[in-house]
1. Give segment 280-302 a look and list any residue that's more than 21 Å from the chain's Cα centre (by Cα) and closer than 11 Å to A341 by Cβ, or say none.
2. List the number of the failed condition for P22; all other conditions in (1) in a strand (DSSP E or B); (2) closer than 15 Å to A330 by Cβ hold.
3. Kindly check whether there is at least one residue in segment 150-165 that is surrounded by fewer than 19 Cβ atoms within 10 Å (Cβ to Cβ) and in a helix (DSSP H, G or I).
4. Out of curiosity, is T294 polar (S, T, N, Q) and buried (at least 17 other Cβ atoms within 10 Å of the Cβ)?
5. So if I check each of G209, G187, which one is among the small types (G, A, S) and more than 22 Å from P126 (Cβ to Cβ)?
6. Here are some residues: R30, R69. Which one is part of a helix (DSSP H, G or I), under 27 Å from P295 (Cα atoms) and over 19 Å from the mean Cα position of the chain (by Cα)?
7. Pairs under 9 Å by beta carbon, first residue in contact (Cβ under 8 Å) with a residue 40 or more places away in the chain in segment 50-68, partner of a type in the set (K, R), six or more apart or different chains?
8. Residue by residue through segment 81-120, note down the ones that are buried (at least 18 other Cβ atoms within 10 Å of the Cβ), out of contact with any Leu (no Cβ under 7 Å at 6 or more places or on another chain) and assigned to a loop (DSSP other than H, G, I, E, B).
Amino acid sequence: MPYRRAVGTLLPTTVVGSYPQPDWLIDRERLDSRLPPRVRARELWRVEEAYLEQAQDDATLIAIGDMERAGVDIVSDGEMRRESYSNRFATALEGVDLDNPGVAVDRTGHENPVPRVTGPIRRTRPVEVRDVEFLRAHTDRPIKITLPGPFTMAQQAQNDHYPDEESLALAYAAAVNDEARELKAAGADVIQIDEPYLQARPEKARQYGLAAIDRALEGIEGDTALHICFGYGHIVRDKPAGYSFLEELNGCSVRQISVETAQPSLDLSILRRLPDKTIVLGVIDLSDDAPVETPEVVAERIRAALEHVPAERLVIAPDCGMKYLPRPVAFAKLEAMVAGAAAIRAGLTG
């Protein structure tokens with residue numbers, strides 16, 4: 001579906017960001033056996049450095065092709081170039097000592113090596129601009145690119161420079177903003193920032209989370225999104241039925257809020273507390289033991305949300321990134337998502 005026709009689609013479908021990387025590209029056994037890396041983890045790649053970018057390009061074409069064949073309206077690059085959702089950008093910034101990492105407690109309660117901030121955080125070069133250019137050149141659909149959010153990056157770092165965490169988060173926000181402006185200029189239709197730690201650390205989020213988000217998206221025209229989640233379904237099996245930080249996001253500048261509803265069986269009445277936002281509705285359960293949804297199951301999940309949010313303010317998506325799923329399962333779930341959304345759309349417009 002060409003971009004100009006997709007713009008006005010009711011209940012458009014999208015992805016949250018990641019798609020399964022091929023086994024020939026990344027060591028999935030190693031990936032599955034550890035926490036998502038915050039520092040660089042080059043040992044995960046199966047392709048030597050000289051050929052890695054070419055291999056990542058080829059994997060990106062596979063991800064784009066799968067999303068298009070499944071019928072997804074707004075596609076991503078599948079995050080094929082990333083070891084995790086956050087470390088590629090976070091480790092590309094000035095002010096971080098990568099040779100001597102720090103330690104921070106992960107949202108799962110485990111210590112994890114993290115970037116150690118030893119000087120002013122600055123973005124000195126484009127990080128994902130080529131990613132957007134490559135994606136834009138290989139699809140005519142609307143495209144989404146994702147960035148780690150400033151609040152989350154501040155929680156995933158050891159701060160040995162700034163006077164407090166708020167100052168660190170705002171410095172990260174300025175770096176995200178610099179990148180986001182260039183991503184928009186390169187052709188990104190939707191810029192999404194990933195902020196799972198808003199949910200994990202709500203007290204700190206209430207202190208300075210919204211200020212960091214607004215700084216990160218300052219001056220960014222067009223659609224912006226923020227993904228807030230409980231963690232990958234592969235890692236976090238038991239998810240609560242409610243967010244500890246969600247309705248507060250109605251007061252920030254981001255246009256779309258991406259939430260999980262399928263795996264946690266979210267109490268959808270909370271969506272009424274976001275009257276000014278478009279909801280990117282997670283309707284696909286990504287936990288390891290979740291079966292492939294039927295279109296009817298997807299349609300029922302959308303129908304439940306329509307009791308609280310009008311169709312004009314809904315975008316349909318998986319709960320979270322699909323990185324840890326087997327590729328055939330991920331593709332089948334995307335097909336079911338698209339078919340379920342189409343069934344509801346036909347009922348609303350037919």
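Laboratory data are not the source of any read-out in this text; all were calculated from the coordinates shown. Note that the structure is predicted; figures quoted are calculated from it, not measured. Quick reminder, even Gly has a Cβ in these numbers, built from the backbone with ideal geometry, and neighbours come from all protein chains shown.
1. The answer is P295, A299.
2. (1)
3. Within segment 150-165, one or more residues are surrounded by fewer than 19 Cβ atoms within 10 Å (Cβ to Cβ) and in a helix (DSSP H, G or I).
4. It is false that T294 is polar (S, T, N, Q) and buried (at least 17 other Cβ atoms within 10 Å of the Cβ).
5. G209
6. The match here is R69.
7. D57/R81; T60/R81; I62/R327; I64/R141; D66/R327; M67/R141; E68/R141
8. R81, R82, S84, Y85, S86, A92, L93, R107
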